[in-house]
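The values are calculated or read from the model by the stated rules, or taken from the named source; none is laboratory data. Values in this document were obtained by computation on a predicted structure and should not be read as measured data. All Cβ positions, even for glycine, are placed from backbone atoms using ideal geometry, and neighbour counts span all protein chains on display.
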Amino acid sequence: MRSLKWTASHAVWVNDLDAQHKEIFEALGNLDRFLAEPDPSKSVSDLAQSLTDSIADHFAHEERLMNAARYESIRWHKQLHRTATRRVRHLVRAMNSGSLEGGRALVDYLRNWMDEHTRIADRMLGAFLRNERRACTIMLQAGTKPLNGGGWMDTKGTPFDPFGTSRGLQQT
Ligand SMILES: [Fe+2]
Ligand SMILES: [Fe+2]
């Protein structure tokens, strides 16, 4: 039986991504506990909603980072997210229509998916982002623009000028 807790074996060594993965594991654990022992003060659809919200927010965050960093495997990684999103949506619908089997299937699917995805795809992304951030720090310290000639973007994908308007990015 695979773990329903985030452990160091899931680490991708990018703080915000690790924090969001922990949040997803926590929401998954809450749903799992509810399915094993329903708590009348909670609703299964609220638990599923908080799980799917944290997954959707996290995928969007990773995808903004991939865009901003011009990550080479973005299409493959986004496709993995899309496939999981579709499957989760289907299983949540089955669970909300009263199928406890659907709930168990959802927990089992996400437990396995998170285990594999964080350890392979997200870890590759984490390594790329750490290198990218190192390169950006070096470029900022050297006062030069990105080597690919593109603009700078923050984690939300909004362009910004790290040098302020007076220096701009006109240096060559
Ligand atoms: Fe991912
Ligand atoms: Fe992730």
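Quick one: which of Ser50, Ser45, Ser97 is in contact with a helix residue (DSSP H, G or I) (Cβ under 7 Å, 6 or more places away or on another chain), polar (S, T, N, Q) and surrounded by fewer than 14 Cβ atoms within 10 Å (Cβ to Cβ)? Reasoning before the result, please.
Values: Ser50 fails: surrounded by fewer than 14 Cβ atoms within 10 Å (Cβ to Cβ); Ser97 fails: in contact with a helix residue (DSSP H, G or I) (Cβ under 7 Å, 6 or more places away or on another chain).
Testing whether each residue is in contact with a helix residue (DSSP H, G or I) (Cβ under 7 Å, 6 or more places away or on another chain), polar (S, T, N, Q) and surrounded by fewer than 14 Cβ atoms within 10 Å (Cβ to Cβ) leaves just Ser45.
Out of (1) touching a helix residue (DSSP H, G or I) at 6+ places or on another chain (Cβ under 7 Å); (2) exposed (fewer than 11 other Cβ atoms within 10 Å of the Cβ), the odd one out for Glu37 is which?
Looking at each condition in turn, Glu37 falls short on (1).
Does any residue of the range 126-133 turn out to be surrounded by fewer than 17 Cβ atoms within 10 Å (Cβ to Cβ), outside any loop (DSSP other than H, G, I, E, B), in contact with a strand residue (DSSP E or B) (Cβ under 8 Å, 6 or more places away or on another chain) and touching a residue at least 12 places away in the same chain (Cβ under 8 Å)?
No; the residues of the range 126-133 include none that is surrounded by fewer than 17 Cβ atoms within 10 Å (Cβ to Cβ), outside any loop (DSSP other than H, G, I, E, B), in contact with a strand residue (DSSP E or B) (Cβ under 8 Å, 6 or more places away or on another chain) and touching a residue at least 12 places away in the same chain (Cβ under 8 Å).
Do you know which residues across the range 111-154 are at pLDDT 70 or above and among the aromatic types (Phe, Trp, Tyr)?
Answer for the range 111-154, where residues must be at pLDDT 70 or above and among the aromatic types (Phe, Trp, Tyr): Trp113, Phe128.
If we keep just the residues of the range 62-110 that are modelled with pLDDT of 90 or more and among the hydroxyl-bearing types (Ser, Thr, Tyr), which is farthest from ligand 2 (Cβ to nearest atom)?
Checked the range 62-110; the qualifying residue farthest from ligand 2 (Cβ to nearest atom) is Tyr109.
All but one of (1) more than 23 Å from Gly98 (Cα to Cα); (2) buried (at least 18 other Cβ atoms within 10 Å of the Cβ) hold for Asn15; state the number of the condition that does not hold.
Unmet for Asn15, out of (1) more than 23 Å from Gly98 (Cα to Cα); (2) buried (at least 18 other Cβ atoms within 10 Å of the Cβ): (2).
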